[in-house]
Structures are given as structure tokens and as C-alpha cells.
Amino acid sequence: MNAPCPGASRLGSALVFATLTGASGAAFADAERLETELRSLFGGYGSVEIGEVSSAMIRSRVTAKDFVFESEEGERLLIDSYEVSGNYDSPDEVTLKGVRIEDGLTELMLMSAERIVLGKPSRAVFPLDDSLAADEVQIGSLAIDGIVIDMASEIAEDFFHGTPFNRSQGRMTIEQIRGQSLAHDGIGMLEISGVAGSGEDLDEFGSGSFTLASLRFEGLTGLDVDGEEQLDSLILRDFAVESDQLVGSLSLLDVDGDFSDGEGGVRLEDFYMDLARMIEMAPEDERTELRMASNVLTDGTGELRLDATFLGSWKEGSEHSVLISDSRIELHDALRLMLDINLPVVLPNGVEPADVFADSDWLEAATLLGGDFRLSISNEGIFGRLATLGAAMEGVTESQYIEQARTQAQGFGMMFGPQVQSILMGLVELLDGSAEELEINVTLPPESNMATYTTDPLGLPDKLSMKVETR
């Protein structure tokens, strides 16, 4: 075995020393930069204290601990640790732990977060002034855990601006927030989960409490231009509120606003309102009318339940497209509505079917190649209750009230034609119980446009082929 070369040993040691001292110098420079940027973060609007700034060469990490900012207005921001990982100019991650905003005089907590993690941020420290252009602020991912908010604070007022929780008195907790691709002009994904709150003056909610399992939206674009905002999807799960103005819940709200795949729409599941409890909390002089309306809608249970679906899709052909709409509304123990639309159209050059769903004004410029509508109204109890209520309000028997309705339907038929009369007579059959379902089928002429129907609404029945059936 050959003996090691003394010169090679000295050279290796020199290279290691140079590498370590270079890394140490860079780490020290990053630590200085972090301290400088944190101290200048608030632009001289108060005092800043930092307990310790340290760096870890091996893991490319620099950390500032015990950051305290005292504003001139008396608020205090505390951060247990502010950690930058990776290249300081292009960090892999920025992590804030133990973030709290307090009232400097009372030391009451206004807002806090256990941990905030920014993944692939465009800066290690984002200045709070306007020194950065909007497109320079980008965050690859976001994770916030353990949030607590005093909703009476100015921070909450800014945070909840434009929502029912603006200018409220109370407390809100959020288990976590997760996000992807956040920038000034759009958000790839943002999800808020585990929300709970209680308080006073929650706008139209009044005073009470609320919970929300999760709210997630994806593909939010156009934030930098007023009126250009678009949303690919929004999903809300298990929202419930119990207050002196509103008692209700919603299991699911699913909004699919991305029609690029050929379909989209809105789905509402298990919308619930406890009308009986809400009426008890209403002013006494309003309760009688509210109970009458509640009895008609809920058959006396005082519990309103609703499911609804509004879906749209299209099929593209070589010469025209077919727009399809499928809508369902079910008011449990009261009424069920179904509307199906099948509309072959020729769109203007450059207009895609997705554009029509995003902005229905495009439909006015389209050529309609016939098509049909089908509306179905199914009585699940509401028409009988309407007859009872109408008779009671007019001081007549139910049979007399129904005969009056039949006479009025015939009169309107003489004014507007047999097609309108057939619809009104069908509604009377639902009232008297001789039918449980009314179906209206409408067929459009072979070629038309929206102006064909909007310029002369009274002449609309003569331009359509209509068939009315009761079962």
C-alpha cells in the first residue's frame, strides 16, 4: 500500500477549510440580512426587538427568535421564531412559529397562529410597504395551523371585510388553512377547515355561534382586474349557525365553475332551517304571518329542508353545439321542480360554449336551431296547504276558493290564449288534488334568436309549440 502524500493531505484540508469558512461567511451574511429586513419590516412605525439570530450551515437555515414589534398605536406583534430554509434569495421554506398580535395596553390577544409555513416564497421577508411590485409577491404553498381571532379587532375587520363577520364582537378559531400557488392575480387552491366561532352582532346572523367543517376553492383567477374574477370550483361542507336571527345548516355547497371540460353547475345538499325557533325569536307582531308561511312550507313541522341541483353541459357537433341544462329543486314535504333544457345553437365566431355558461349575454348573439324545454311541477303537499290558507284568508270554504281560482284561470285564458289557460288550469288541478304533477313541454321553432322572444313577450305563446299534461 502506498503511503499518503503529505501535499495532498494539506491540499484537502485547505479545501475543506475554505469550504467551511465560505459557507460560514454566507450563513453569517444571511443572518445579518434576515435581522436587517425584519427590523425594517414595519418602516419605522414603532420599535423592534429581536432576541437572537443564528444560522445552521449544514441545513442552510437561518433563524430569528423572540421577535417583538411595538406599534405606535399600541399593538404588539410577537413571533417566537422566524426561520428561512434554503437559499436566502430563493427560499425553500419560511416558517413562523408562535405568532401573536396583542393589545399593548391590556395584553389581550387579538390574533394568533401556532405555525405559518410559506413554501417556495419569492422572498424571505415580504415588506409591508409598496416597495415590491405586485407580481413579485408569490407563494408556492401555504400552511397555517391553530388560528385564533378576536373578531372585534381592527385586524379582523380587515380580514373579514365584505363578510357577515365584519365589525362583529366575538371569537373565531380555525384549525388550519392550506393553499397552493398564491399570487396577486390568482390562487391555485385555498382550503380553510375546522372553523368555529361565537359572538354578538354577526350582521344578519345576529348573536350566536357557528361552525364550518371546510371551505375549499380552486382556480381563482382575474383578481387583479375588477369584474374579471373567475372561479373553477368551490366546495363548502357542513356549515351550521345557531343565533337569535338564524338557525340552520347546510351539508354541501358544490360550485363547478370550470366549463372547459364540457359541464359545470351548482349542487346544494340538505339545506335546513329551523323556522319554528326563528319565529319564536321574531317580534311578536310578526309571528302570526310567519307561522302561516311556515305551516305552508313545512306542513306544521317548522323544519324547512331543501336540496337543489343546477347543472349545465354541452355537446359539440361539426356545425352546431347543443347546450343542455338539468335543474332540480326539492322542498321536502312541499314541492319538487324539474327543468330540462335542450338547446341546439350556432354560436358567433370565436365564442365557445363555455363562454355562454360564464356569461349568458353571449346567448343573445346565438342562432337557436329549435330545441325544447320541459318543466315538471310535482305536488308534495304544498298546493293543498295553499288552498287551505287561501280559503281561510278570504273567509270562504276550500271548494269555493278553488272554484274562484278556476274562474280566474279561465279568464286569463281568454286574455292570453289557450296555452296560458292550460297551464293555469293545470295549477288549479294541483290545488284541488285531482292531479299530483303538472308537466309543460315547450318546443322552439326551427330557427330563432333571443330577440324573437324578448321583443314581444305577450306574443310568446304563439311562437312556441306547447304541450301541457297533468297526472
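Looking across the range 267-280, the residues that are open to solvent by less than 50 Å² (accessible area, probe 1.4 Å) and not aromatic (F, W, Y) come down to L268, M273, D274, L275, A276, M278, I279. Restricting the search to strands (runs of 3 or more DSSP E) fully inside the range 75-166 and requiring at least 1 residues that are free of Cβ contacts under 8 Å to residues at least 24 places away in the same chain and acidic (D, E) gives 75-85. Looking across Q400, Q419, one residue alone is of a type outside the set (D, E, K, R), farther than 25 Å from L337 by Cβ and assigned to a helix (DSSP H, G or I). It is Q400. Looking across the range 319-344, just one residue is out of contact with any Asp or Glu (no Cβ under 9 Å at 6 or more places or on another chain) and within 19 Å of D261 (Cβ to Cβ), and that is L323.
Conditions (1) under 18 Å from G264 (Cα atoms); (2) at pLDDT 95 or above; (3) under 26 Å from the mean Cα position of the chain (by Cα), marked per residue:
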site: K315; (1), (2), (3): yes, no, no
site: E319; (1), (2), (3): no, no, no
site: H332; (1), (2), (3): no, yes, yes
site: P348; (1), (2), (3): no, no, no
site: V351; (1), (2), (3): yes, no, no
site: A358; (1), (2), (3): yes, no, yes
site: A365; (1), (2), (3): no, no, no
site: G370; (1), (2), (3): no, no, no
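For the range 422-448, a tally of residues being open to solvent by 60 Å² or more (accessible area, probe 1.4 Å) and more than 14 Å from G384 (Cα to Cα) returns 3. Within this structure, L215 fails the test of being open to solvent by 40 Å² or more (accessible area, probe 1.4 Å), under 30 Å from E316 (Cβ atoms), free of Cβ contacts under 8 Å to residues at least 40 places away in the same chain and assigned to a strand (DSSP E or B). Count of the range 342-355 residues, restricted to those that are among the β-branched types (V, I, T) and either under 12 Å from E316 (Cβ atoms) or open to solvent by 40 Å² or more (accessible area, probe 1.4 Å) (or both), is 2.
M425 - would you say it is of a type in the set (A, V, I, L, M, F, W, C) and modelled with pLDDT under 95? No; evaluated as a whole, the condition is false for this residue. Looking at the range 358-388, which of the residues that are under 30 Å from Q400 (Cβ atoms) and of a type in the set (D, E, K, R) is least open to solvent (accessible area, probe 1.4 Å)? Among them, the one singled out is R385. Kindly evaluate E429 against the criterion of being free of Cβ contacts under 8 Å to residues at least 60 places away in the same chain, of a type in the set (D, E) and in a helix (DSSP H, G or I). Here the answer is yes, as E429 does meet what is asked.
I'd like to know if the range 214-226 contains one or more residues that are out of contact with any Gly (no Cβ under 8 Å at 6 or more places or on another chain), farther than 19 Å from L182 by Cα and of a type outside the set (A, V, I, L, M). There is no residue in the range 214-226 that is out of contact with any Gly (no Cβ under 8 Å at 6 or more places or on another chain), farther than 19 Å from L182 by Cα and of a type outside the set (A, V, I, L, M). Identify the residue in the range 58-74 that is outside any strand (DSSP E or B) and open to solvent by less than 70 Å² (accessible area, probe 1.4 Å) and, among all such residues, is farthest from S90 (Cα to Cα). Per the criteria, the residue is G74.
Every residue, every condition in (1) out of contact with any helix residue (DSSP H, G or I) (no Cβ under 6 Å at 6 or more places or on another chain); (2) in a loop (DSSP other than H, G, I, E, B), yes or no:
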| site | (1), (2) |
| --- | --- |
| M415 | yes, no |
| E439 | yes, no |
| V442 | yes, no |
| P445 | yes, yes |
| Y453 | no, no |
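Note on the range 336-356: residues that are of a type outside the set (S, T, N, Q) and without any contact (Cβ under 8 Å) to a residue 24 or more places away in the chain amount to 5.
When the range 281-340 is limited to residues that are among the charged types (D, E, K, R) and in a loop (DSSP other than H, G, I, E, B), the one that is most open to solvent (accessible area, probe 1.4 Å) turns out to be E319. Of the residues examined, S47 is not one that is in a strand (DSSP E or B), crowded, with 18+ Cβ neighbours inside 10 Å and at pLDDT below 95. Among the residues making up the range 266-280, a single one is part of a helix (DSSP H, G or I) and among the acidic types (D, E): E280.
In the range 237-246, the condition of being at pLDDT 90 or above, charged (D, E, K, R), assigned to a strand (DSSP E or B) and at positive phi is met by at least one residue. Going by the structure shown, is R178 free of Cβ contacts under 8 Å to residues at least 40 places away in the same chain and open to solvent by less than 70 Å² (accessible area, probe 1.4 Å)? Answer is yes for this residue. For the range 387-401, a residue qualifies if it is under 44 Å from the mean Cα position of the chain (by Cα) and within 10 Å of D432 (Cα to Cα), and exactly one does: A387. L252 satisfies every condition listed in (1) open to solvent by 30 Å² or more (accessible area, probe 1.4 Å); (2) in a strand (DSSP E or B); (3) among the hydrophobic types (A, V, I, L, M, F, W, C) except (1). Residues of the range 56-100 that are among the basic types (K, R) and either closer than 12 Å to P121 by Cβ or over 34 Å from the mean Cα position of the chain (by Cα) (or both): R59, R61, K65.
The values are calculated or read from the model by the stated rules, or taken from the named source; none is laboratory data. Source: prediction; values computed, not measured. So basically every Cβ, Gly included, is an ideal-geometry build from the backbone, and we count neighbours across all protein chains shown. For accessibility, only protein heavy atoms count, side chains too; no ligands or nucleic acids. Shrake-Rupley method; radii C 1.70, N 1.55, O 1.52, S 1.80 Å.
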